[in-house]
1. In which sequence would B:CYS205, A:CYS128, A:CYS48 go, from the one with the fewest C-beta neighbours within 10 Å to the one with the most?
2. Using Cβ contacts closer than 10 Å as the measure, can you line up B:HIS59, B:HIS218, A:HIS11, B:HIS511 from fewest to most?
3. Helix A:184-215 versus the longest principal axis of chain A: what is the Cα-based angle in degrees, 0 to 90, to the nearest 10?
4. Between A:MET188 and A:ASN10, what is 0.36 nm times their sequence separation minus the Cα-Cα distance? Round to one decimal in nm.
5. Among DSSP beta bridges lying fully in the protein assembly as shown, give the percent that are antiparallel, nearest 5.
6. Which one of A:ALA73, A:SER88, B:PRO345 has its Cα pushed farthest toward the positive end of the charge dipole of the protein assembly as shown, where Lys and Arg give +1 and Asp and Glu give -1 at the Cβ?
7. Please report the net charge: other residues with Cβ closer than 14 Å to the Cβ of B:ALA256, K and R +1, D and E -1.
8. The range B:122-136 to the range B:145-196: how many Å between their Cα centroids?
Amino acid sequence: MRAALTISGNHAVLTRANPLAKFGGVFLITLVLALSIDWMSASVALACELLLFPLAGLTFTLLWQRGWPLIIAAAVGGWSTSILAPDSGKILLDVGLWSMSEGSLELGLGFLLRGLAIALPAVLLMSCTDPTDLADALAQKARLPHRFVLGTLAAMRLVGLMAEEWQTIGMARRARGVGSRGTPWQRMRATLGQSFGLLVQAIRRATRLAVTMEARGFGGASRTWARESTYSRLDIWVLLGGAAIAAGAVIAAVWAGTWNMVWLERS
Amino acid sequence: MPAHHHGGVRPAAVTARGWGWRHAGRSKPAVNALDLDIHPGERVLLLGPSGAGKSTLLHALAGVLGDSTAGDGGPADSDDADESGSLLIDGEAPRDRRGRAGLMQQDPETQVVLSRLGDDVAFGAENLSVPRDEIWTRVHEALDDVGLAHLPLDHPTSALSGGQKQRLALAGILAMRPGLILLDEPTANLDPAGVLEVRDSVGRCLDKTGATLVVVEHRVSVWKDLVDRIIVLQPGSGTQPAVLIDGAPDQVLEQAREMLIAAGVWVPGYVPATRRRSLFGGPDIENLPVRQELAPGQLLLAAEGLAVSRERPRRRGFKSIPPLPIQPDITAQVRAGEALTITGPNGSGKSTFALTLAGLIPPVGGKVSATVELSRGAGIDPYKWKAEQLIARIGTVFQEPEHQFVTGRVLDELQFGPRHLGHGEERVDELLERLRLTGLVDANPYTLSGGEKRRLSVATVLAAHPQVLVLDEPTFGQDANTWAELASFLSELLDAGTAVVSVTHDQEFTHVLGGTELRLDAQGLSAPGVGPAGVGPSGVDAPEAATP
């Protein structure tokens, strides 16, 4: 339940890459996809990303389990774009207010593909990156303050606990006669009360955790790192891979004549 | 004085001279006029009633008490914490000796910092700027010392049991090579096996390193043989010294036995006196009205082939997958005026079963059914009852009282149930009286002591007058006085006709309540048997009078 997004026992190649390099690669791809809203660049990027799955230890089943809300969101976005966007070209479907034309379908498809192509790298990244390794890289390589980074990391562990606590408090309050069923107003009041209960418990837990960390010497100006965050040759390949996918997407779109810079669209 | 020890640990000395501490915003000091010398390598058990400042002293030694306006002669501002006298480790202020002392607290969940086993042990050593190679040497050694070396370094810390988490915390402390180990009720939240696990690990580590130990714990018998000195503190006051008695364990336990018992300390060889159970509706029920409507032994609630899990069905895309049950097949009966005690090791699903029985968790398989005597028209399945239907029939007391507080005042808390039901407010005064809460009616429930919170949580649930009372580890971490009060009260409730279902590790408690014991094993097999008192029947047929 608390496993979050990281796949436990994942030994795929990309788990060995430095988290910052992976972030860099993903950033390059996302940047290009944010520039244009055409279907060509998105589908090239998406195809390349799907090919990378085995390197991150992902399978389609795992992807669907972890990323289904994103996938459905992209599909809904694509669908509504294709029926609501201004029509151009041949009309394919016309049901009263809703109509779908070649132009709007193309736009909708582009939207769907781009949504997926931007969402997938995030799932890919999280499934092969351990939060602790990410924190190590952020503190040692990106030189973010270690107190902030490690504090956040420790707090994130509590988030999982809080999910369980929420469930327990919900039951405990039902046992006191506070129903989470009923009218929307009653439900909202019940949720507010439960949130307050959770807040109290969260603060208690956080205070005790802070004491634990301080008692283990946390908070000093300097510290050593048991795990060294290093760059390797693999990281160059990760960055080059990200750049190649980004470049490939642009070149394909320009070649196909679909490249469509977002800010030039309205001119 | 031991001069040299293994592992590069130099035992620490503690000196207190007229030391006192007042927490910010409090008028009374938590500790006052403490004079104390703890020699290097000594092992001290710290006892005293709640409010004697035991935890405050431990926190001060660990260097984690907040800032103070330390006796600078200026006018004391009551909003700031205030320190007086001196408290030193090896002649220096604890704050300036980071890593010299290591502290373990009560709640295992907050003793873990990082999500991988090895990283968590390394955390303290990293903060003390120990070189990398040295850190990993220490990590392996520390894990070996606490008996966790068989687990891989990337083992997820969330998958550890409570006892393992506390041993992990000990390993993290050992990796700092502290001269002083401070344990603040380290085993209060653990089952009996976990308690021994942690106690024995601490003992081994002390034998090896020779570090000084200060432990705070209510249950003296656990630590008695491991320590060589007991110090009894008393609540801070202006006139008396903080240390009440100080000496060798046997001597202190003899001299201060009566006083310790009065303070609710669990003194070895002493079981607090409790009310004996009598027959159903027997003569010695003081204040409780006998439930006339129920015949003794009347079946109220039954579990048949019940499979339980705390996890909700998981969503995999569009599919809904039922969780794997922790217990696949439990059969049990709950009867008026009889106790059902659920025992078994941690992780065997005891609490999950009790909460399912109480209509708070939906069954994964099998069913929970209420007889007409209990359901009174509300339907057969308690999980489907509305909240206000539930509390008037089955009351559940959770392990953590704070989870159940819904108002900001003790009196409102007690009146909450009756008000929702529209009847029964007259019972509130009786419960206040009976559970000694009368003086606290205007207090905020969150500010009460541990024992008071427990008594309040039992009272609030009983205010709705349920026929079945379910309690999850009611005696966990309670002092002997609260324990005795609770056990006596429940036995009286039973005699008055209420059915009591309790999840517990506490054998004495089980003995006082009598009835049936249902033992759940970790493998997922349930083995019903007759409890020590041998009162209740078990394994009888299914409820015949259940509503359709």
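1. Working: B:CYS205 23, A:CYS128 26, A:CYS48 18.
The fewest-first ordering by Cβ neighbours comes to A:CYS48, B:CYS205, A:CYS128.
2. A:HIS11, B:HIS511, B:HIS218, B:HIS59
3. The angle comes out near 60 degrees.
4. 60.0 nm
5. Details: 43 of 78 bridges.
Among the beta bridges of the protein assembly as shown, antiparallel pairing accounts for roughly 55 percent.
6. Towards the positive end, the residue furthest out is A:SER88.
7. So the surrounding residues net to -1.
8. 18 Å
Values quoted throughout were computed directly from the atomic coordinates according to the rules given, and no laboratory measurement underlies them. Small disclaimer: the values here were computed from a predicted structure and weren't measured. Note: ideal-geometry Cβ built from the backbone for every residue, glycine included; neighbour counts use all protein chains shown.
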